[in-house]
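Reviewing the structure listed below.
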Amino acid sequence: MEPIAKSYEPKEVERKWYDYWEREHLFRADPTSSKPAYAIVIPPPNVTGTLHMGHALNNTLQDILCRFKRMTGFNVLWQPGTDHAGIATQNVVEKDLAARGTDRHAVGREAFIERVWEWRSKYGGLILNQLKRLGCSCDWSRERFTMDEGLSRAVKEVFVRLYEEGLVYRGDYIINWCPRCHTALADLEVEHHEKESRLYHIRYPFESGAGHLVVATTRPETLLGDTAVAVNPEDARYAALGDRNVLLPVLNKPIPIIFDTYVDTEFGTGALKITPAHDPNDFEIGNTHQLERVKVIDENGMMNEMAGPYQGMDRFECREKIVQDLETLNLLEKIEPYQNAIGHCYRCKTMIEPLLSKQWFVRTAPLAQKAGEAVKSGKTRIYPANWEGVYFEWMDNIRDWCVSRQIWWGHRIPAWYCRACGEVHVAKQALQACTRCGDEDLIQETDVLDTWFSSALWPFSTLGWPDETAELKTFYPTAALVTGFDILFFWVARMMMMGIHFMGEIPFRDVYIHALVRDAEGKKMSKSKGNVIDPLEVMDQYGTDAFRFTLAALAAQGRDIKLSEDRILGYRHFVNKLWNAARFALMNMDTAGTEPAAAPPATLADRWILTRVAAVSEAVRQAIDTYQFNEAADLCYQFVWHEVCDWYLEMAKRHLYGKDPLHKQATAATIQTVLEASLKLLHPFMPFVTEEIWQRMPNTEGSIMTAPFPGAADFPSDDAALTEMDILMGVITGIRNIRGEMNIPPSKNVSVVVDASQKTHREILNRNMDPVRVLAKVDQASVGERVPKPDGSATVVFEQISVHVLLKGLIDFAEEKKRIKKGIQKLEKEWGTAGKKLANHGFLQKAPPEIVREVREKAETLSARLSKMKENLSLLEEIDA
RNA sequence: AGGCGGGUAGCUCAGUGGGAGAGCAUCGGCCUUACAAGCCGGGGGUCACGGGUUCAAAUCCCGUUCCGCCUACCA
């Protein structure tokens, strides 16, 4: 292996180790393993997709979980794959056709679908390769696609079974129609945007006699399809109307006035025009009153033959014209500005047209009830828990799911119609003949299923269902699902419903909902806003490990992530820090040898760092297990940088550079232990750099991926070392503080006199004066009891220890007095609050005893420190005087 | 309209009953043989505002305000 470079260069390293992991089959799951199973199914990215920040975060978190679980002894399956993304993919290929001057209708259905498959085989793997760059440890040998043979079989099976159970039906309903995509959309696929709009007050003349009824509407063009006007039976204004008719303006068609409590007397004029074929509420009212349904707008958003003189006009054009005509007829009372939320297609942003149409639906209520219960009972837990409320809200108010789509790319609905008798057959395969009339002329339904129908089966369809496979047995239910909240309803809720219904068991035990990645201003990243940060560019610039670590460190629960490049830069520095720590360690292991020393590590630093690594390992395990990725990342960061590098390695240098071979070896062995542990702790976050270093280390075997994750039991813990080290750090920091404030250059050594009133403190310091000398740049040092403050010294007080730094000729008395006064002020404030508490009877009586004891001890320490500092101050003042 | 989340240092954010923290930025000192992508030290906060509960509140409750998001069939 080539000599270790001064700074970490991610590019080649990343490719090298990813290839190695794949070559060694380290991502492979084993359905026959005796280890406990841990499975995650990937939220399948669209085949049309390219990696964006959302994917990067989502998959980084999953990879952290998978790598962590492998290292803690689980048989891990991370199931990868892609989604066929019906409308999105069809749009892409259609755009391509348009560029060639043709369209799908000219090409024909079969040839078109063939083209989509071609497109998919050419570009569909793009995002998966990008996931590999991110380091994702998916079991690629099990890659699935929602349209592949096995999954298509599962889709058919589910559809047919639901139909047989009466949970799938076909019927005439108002659906959301996208006139551009030419398909029905589920309620969820409609985005509502607040729009400046107008409320038109239109006069509907009475059929008989004079006068009119004024109706308020935002959509005057739909009046052509009105089949009634409704008022509230409680509304005194209209009580006398009886069963009169009004005349539909322009068309002069008589329509009845009906009474329905749905009508809000407060809104508009209290009279509501009813258009059952073009409004979901009107449709419902039309049903109860058995009104005729008159469709006046067609699938292209154009007025049809029922629209009389307006036939052939676009719906918006018609609106303008009809308003003009109403004005001419003196039937327009007024126009008010109005704001309302209007539905748009989530794919193409075209305004939705509610349209009466024959569609396939899934009856969701019975499925939703069980899916709700599974979370209520805690069988599936949602993290963070506040999403449970959102989940319940949706499950409790669920409406039937319109699953048919009038597009070509997708699972064609397995239903056949008999041309002769009209019988509908739902079956897994085409029938030879109609079972009712025996006719052989059967035609298959042309609609396909909503993309989310197949995604809803993902946790079991990918494992081989409906066959009873070893995979299903081992990995279902899966352990965790990691996803963004934006698809909580689209996907998570539906997987719950389908999983429980068909597997008889929840699809996953935990659902972890992570944040959305926004730009540095907190705006949603979008191409149109131009504020998109491309994860691939970030990886190029900063390295994948730094990027992944940033995402993890920012992934606090319950808050969106504002991604700023500063943070990524900061964590790149951390990667480099780790790299250099390893470089240092490796250089010294070379010279010290790597066999564990004969004598156990005896220095305070060794005992301390091993105790710390034990505690940190445990804390990191806990944090990852509870999805606190930011906590885990931060623990690693603080530990590696500020404990291992800043303190331990600095203290270890003395032995490494010293002449005692035994100490040298013991220290090298501890460094090896601590470095190995650090690498393993960081591996789930930074897979590449940790593997690179791991492979360079002596005495490591195989990949770090298969190394056991550190735990508390792996290291000797020694609580005394923690308190001793606290003392030592306090003294060193104190001296450094004085040096800094007094502007003593690092090249200049100082002498110190330590006055410690406690015997244990004196012992600790006497045993560890060498590290103090090195780390605080001290030449002469002595420790004593009740040592008088030397002339020309600056003093820092820590616990009950005074450290006098001799600064003959260097000291600026005014500065020193200022410094001490500042310190006294700070302490007095703290002492004040502690004293207040202790003077409070309520506190002494009601606070837990250990808290009271803590405060009391603190007050004592503070007061001892304070008196020492004041003593110092008065000494200084004497000298000054 | 309803619901949810947020307001903590200049910036980005942790912290959810007992010591206000991190990273970046900033200021001062350092080319100390792992690392200047570094080392040492300093400064900086009325924890949005008002009330309440509690011995004790950034943390729990109520209200106000600002920001963001989600859901919704008042035309």
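The values are calculated or read from the model by the stated rules, or taken from the named source; none is laboratory data. Since the structure is predicted, the reported quantities are computational estimates derived from the model, not experimental observations. A quick note on method: Cβ atoms are made from the backbone with ideal geometry, for glycine too, and the neighbour counts reach across all protein chains shown. Only protein heavy atoms, including side chains, enter the accessible area calculation; ligands, DNA and RNA are left aside. Shrake-Rupley method; radii C 1.70, N 1.55, O 1.52, S 1.80 Å.
Points worth noting:
- Test result for A:A859, surrounded by 12 or more Cβ atoms within 10 Å (Cβ to Cβ), under 45 Å from the mean Cα position of the chain (by Cα) and away from RNA strand B (no atom under 11 Å from the Cβ): yes
- Residues in the range A:542-566 that are open to solvent by 60 Å² or more (accessible area, probe 1.4 Å) and either at positive phi or more than 6 Å from RNA strand B (Cβ to nearest atom) (or both): A:Q557, A:G558, A:E565.
- Residue in the range A:366-386 that is modelled with the highest pLDDT, counting only those that are part of a strand (DSSP E or B) and open to solvent by 10 Å² or more (accessible area, probe 1.4 Å): A:R381
- Given (1) of a type outside the set (D, E); (2) touching a residue at least 60 places away in the same chain (Cβ under 8 Å); (3) assigned to a helix (DSSP H, G or I); (4) open to solvent by 40 Å² or more (accessible area, probe 1.4 Å), number of the condition A:G389 does not satisfy: (2)
- Restricting attention to the range A:220-258 and to residues that are among the polar types (S, T, N, Q) and in contact (Cβ under 8 Å) with a residue 40 or more places away in the chain, the residue that is farthest from A:S197 (Cα to Cα) turns out to be A:T227.
- Residue in the range A:833-845 that is near RNA strand B (Cβ under 9 Å from one of its atoms), over 47 Å from the mean Cα position of the chain (by Cα) and loosely packed, with under 14 Cβ neighbours inside 10 Å present: yes
- Number of residues in the range A:329-365 that are in a strand (DSSP E or B) and under 30 Å from A:R509 (Cβ atoms) equals 1.
- Subset tally (residues that are within 21 Å of A:L722 (Cβ to Cβ) and either without any contact (Cβ under 8 Å) to a residue 60 or more places away in the chain or part of a loop (DSSP other than H, G, I, E, B) (or both)) for the range A:784-813: 2
- Counted residues, the range A:242-262 - those being surrounded by 13 or more Cβ atoms within 10 Å (Cβ to Cβ) and over 23 Å from A:E284 (Cα atoms): 3
- Residue ID - least open to solvent (accessible area, probe 1.4 Å), chosen from residues in the range A:799-826 that are among the charged types (D, E, K, R) and under 52 Å from the mean Cα position of the chain (by Cα): A:E816
- Looking only at the range A:611-625, and only at residues there that are more than 21 Å from A:A720 (Cα to Cα) and either crowded, with 17+ Cβ neighbours inside 10 Å or touching a residue at least 60 places away in the same chain (Cβ under 8 Å) (or both), the one that is farthest from RNA strand B (Cβ to nearest atom): A:R621
Residue-wise test of (1) in contact with a strand residue (DSSP E or B) (Cβ under 6 Å, 6 or more places away or on another chain); (2) free of Cβ contacts under 8 Å to residues at least 24 places away in the same chain; (3) among the polar types (S, T, N, Q); (4) within 19 Å of A:W117 (Cα to Cα).
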| residue | (1), (2), (3), (4) |
| --- | --- |
| A:V403 | yes, no, no, no |
| A:R412 | yes, no, no, yes |
| A:W416 | yes, no, no, no |
| A:A420 | no, yes, no, no |
| A:H425 | yes, yes, no, no |
| A:K428 | no, no, no, no |
| A:R436 | no, yes, no, no |
| A:V448 | yes, no, no, yes |
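- Breaking point among (1) free of Cβ contacts under 8 Å to residues at least 60 places away in the same chain; (2) buried (at least 18 other Cβ atoms within 10 Å of the Cβ); (3) at negative phi, for A:G270: (3)
- Test: residue in the range A:13-33 that is within 16 Å of RNA strand B (Cβ to nearest atom) and outside any loop (DSSP other than H, G, I, E, B): yes
- Among the residues listed as A:T733, A:T760, the single one being open to solvent by less than 80 Å² (accessible area, probe 1.4 Å), farther than 16 Å from A:E643 by Cβ and either touching a residue at least 12 places away in the same chain (Cβ under 8 Å) or not aromatic (F, W, Y) (or both): A:T760
Each row is one residue, and each column tells you yes or no for (1) farther than 30 Å from A:K818 by Cα; (2) more than 16 Å from RNA strand B (Cβ to nearest atom); (3) surrounded by fewer than 21 Cβ atoms within 10 Å (Cβ to Cβ); (4) at pLDDT below 95.
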| residue | (1), (2), (3), (4) |
| --- | --- |
| A:T670 | yes, no, no, yes |
| A:P687 | yes, yes, no, no |
| A:E691 | yes, yes, no, no |
| A:P716 | yes, yes, yes, yes |
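- Meets criteria (at positive phi and within 16 Å of RNA strand B (Cβ to nearest atom)) for A:K777: yes
- The set of residues in the range A:271-285 that are under 43 Å from the mean Cα position of the chain (by Cα) and not hydrophobic (A, V, I, L, M, F, W, C) comprises A:T275, A:P276, A:H278, A:D279, A:P280, A:N281, A:D282, A:E284.
- Cβ separations smaller than 8 Å between residues 6+ apart or across chains give the following pairs from the range A:293-309 residues that are in contact (Cβ under 8 Å) with a residue 40 or more places away in the chain to residues that are surrounded by fewer than 22 Cβ atoms within 10 Å (Cβ to Cβ) and in a helix (DSSP H, G or I): A:R293/A:F283; A:V294/A:M306; A:K295/A:M306; A:V296/A:M306.
- Taking first residues from the range A:851-869 that are closer than 15 Å to A:L827 by Cβ and in contact (Cβ under 8 Å) with a residue 24 or more places away in the chain and partners that are open to solvent by 60 Å² or more (accessible area, probe 1.4 Å) and assigned to a helix (DSSP H, G or I), the Cβ contacts under 7 Å between residues at least 6 apart in sequence or on separate chains come to A:A859/A:W831; A:L862/A:E830; A:L862/A:W831; A:S863/A:W831; A:L866/A:E828; A:L866/A:W831.
- Close pairs (6 angstrom Cβ cut-off, 6 or more residues apart or separate chains): within 6 Å of RNA strand B (Cβ to nearest atom) in the range A:642-654, of a type in the set (V, I, T) and modelled with pLDDT of 95 or more anywhere: none
- Close pairs (7 angstrom Cβ cut-off, 6 or more residues apart or separate chains): over 22 Å from A:V362 (Cα atoms) in the range A:180-197, among the aromatic types (F, W, Y) and open to solvent by 60 Å² or more (accessible area, probe 1.4 Å) anywhere: A:S197/A:Y338
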